Amino acid sequence: PQGAYFASSCHDRTARLWVTDRTYPLRIFSGHATDVDVLQWHPNCHYIATGSSDKSLRLWDVRTGDCVRLLVGHHGTVTSLAFSPDGKTLASGADNGTVMLWDIAQGKKLATLNGHGMAVNSLSFCAEGSLLASGGADDTVCLFNTALPFQNAVGSGQDVGSIGEPVLKKYRTKATPVYQVQFTSSNVLLAGGAFCRTEPREIFI
């Protein structure tokens, strides 16, 4: 995020911090039990969040390499991550279609958002942080009003997933999984998919 530094996730159960003028990592973040599948920089660039096939998330201090938060609650592989613009909330998606919101300061789950039937491939907060977009392998983009789950969950420990689908809007593609969603600075939502699935057809000879 600061130009010279970048991070990578690996199948050797680690994430690594690199600088462009060196051929070896500056930090190796080790602690996950299985593959590290996704990572995301914190807005202040001092932390990196990682998600793993071990169903957990970890928050790492870039300066020391220490794990400062361990977040457990998903029942599937963590497939996507996004920080809110103020850096206080982390959103995570899993291959079972659930999205979870986490309070970084307290290290606890705020809410579970249900809306997808398959893996959540991408997450993005709007500029104000009040909306969260998710793109899924079920050919849909979901738009969640995160302000309401925060109000319901903070202080009460309530899991909003238990009261139905808190989806503000659901958009369906014609026939392609959504691999990337991204809000622009002016809150235009972009979504992208790689291909169109075609149904098998009978061939008569």
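The values are calculated or read from the model by the stated rules, or taken from the named source; none is laboratory data. This structure is a prediction, so every number in the text was calculated from the model and none was measured. Every residue, glycine among them, receives a Cβ derived from its backbone with ideal geometry; neighbour counts consider all protein chains shown. To get the accessible areas, we keep the full protein, side chains included, count just its heavy atoms, and leave off ligands, DNA and RNA. Shrake-Rupley method; radii C 1.70, N 1.55, O 1.52, S 1.80 Å.
For the reader, a short list of remarks on this structure follows.
- Verdict on Ser124 being open to solvent by less than 20 Å² (accessible area, probe 1.4 Å), among the small types (Gly, Ala, Ser) and under 13 Å from Ala49 (Cα atoms): no
- Within the stretch 125-139, if we keep just the residues that are part of a strand (DSSP E or B) and touching a Ser or Thr at 6+ places or on another chain (Cβ under 8 Å), the residue that is farthest from Ala191 (Cα to Cα) turns out to be Leu131.
- Filter result (of a type in the set (Val, Ile, Thr) and either open to solvent by less than 30 Å² (accessible area, probe 1.4 Å) or assigned to a strand (DSSP E or B) (or both)) within the stretch 25-49: Ile28, Val36, Val38, Ile48
- Looking only at the stretch 1-20, and only at residues there that are of a type in the set (Phe, Trp, Tyr) and farther than 14 Å from Ala49 by Cα, the one that is least open to solvent (accessible area, probe 1.4 Å): Trp18
- Checking Ser52 against (1) at negative phi; (2) open to solvent by 10 Å² or more (accessible area, probe 1.4 Å), the condition it does not meet: (2)
- Leu113 open to solvent by less than 10 Å² (accessible area, probe 1.4 Å) and either within 18 Å of Asp138 (Cβ to Cβ) or touching an Asp or Glu at 6+ places or on another chain (Cβ under 7 Å) (or both): yes
- Only listed residue being assigned to a strand (DSSP E or B), at pLDDT 85 or above and farther than 15 Å from Ala91 by Cβ, chosen from Leu110, Leu190, Leu143, Leu168: Leu190
- Apart from one condition, His74 fits all of (1) open to solvent by less than 40 Å² (accessible area, probe 1.4 Å); (2) outside any loop (DSSP other than H, G, I, E, B); (3) farther than 19 Å from Val181 by Cβ; the exception is (2).
- Filtered residue count, the stretch 1-20, keeping only those that are among the small types (Gly, Ala, Ser) and farther than 25 Å from Ser56 by Cα: 2
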